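K.L.:
Below is the structure I would like to discuss, written out as structure tokens.
Computed from the coordinates by the stated procedures, all read-outs in this text should not be read as laboratory data. This one's a predicted model, so the numbers in the text were calculated from it and none came from an experiment. Note: ideal-geometry Cβ built from the backbone for every residue, glycine included; neighbour counts use all protein chains shown.
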Amino acid sequence: MAEFVRAQIFGTTFEITSRYSDLQPVGMGAFGLVCSARDQLTSQNVAVKKIMKPFSTPVLAKRTYRELKLLKHLKHEN
């Protein structure tokens, strides 16, 4: 089973597996906070997004689902 670690960034708690390290803030938007991290298995930099209250309303739930579906198909060098 994966071990989880917690990181506090701008007052937001990220709970991620130990596979990712060096969590650094990148930006904050209407949906949440984005951080960069290092994937220990692939040695690649990745983005980790913490979405604030993604299912608090039906509209936010739909937006969250739509974003996840789109992100699944993207690969960007940043």
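K.L.:
Taking the Cα centre as origin and putting +1 on Lys and Arg beta-carbons and -1 on Asp and Glu beta-carbons, what dipole magnitude results for the chain, to the nearest 20 debye?
P.N.:
It works out to roughly 420 debye.
K.L.:
Considering only Ala47, Ala30, Ala61, give the residue with the highest GNM mean-square fluctuation for the chain, with springs between Cα atoms whenever their separation is below 10 Å.
P.N.:
In the Gaussian network model the winner is Ala30.
K.L.:
For a Förster distance of 25 Å, can you work out the FRET efficiency between the beta-carbons of Lys62 and Val26, rounded to the nearest 0.05?
P.N.:
Efficiency, from the Cβ-Cβ distance: 0.50.
K.L.:
Name the residue from Val26, Ala61, Leu71 whose Cα lies farthest towards the positive end of the charge dipole of the range 4-71, charges +1 on Cβ of Lys and Arg and -1 on Cβ of Asp and Glu.
P.N.:
The residue sitting most towards the positive pole is Ala61.
K.L.:
Only Cα pairs within less than 10 Å get springs; with that Gaussian network setup on the chain, which residue of Phe55, Phe14, Phe31 has the largest fluctuation?
P.N.:
Of Phe55, Phe14, Phe31, the Gaussian network model singles out Phe55 as fluctuating most.
K.L.:
Quick one: which residues, 5+ away or cross-chain, put their amide H under 5 Å from the amide H of Gly32? H built at 1.01 Å from N.
P.N.:
The list, which skips near neighbours in sequence, is Met52.
K.L.:
Could you give the spread of the C-alpha atoms of the range 1-56 along their three principal axes, from largest to smallest, in whole angstroms?
P.N.:
Dimensions of the range 1-56 along the principal axes of its Cα atoms: 32, 24, 18 Å.
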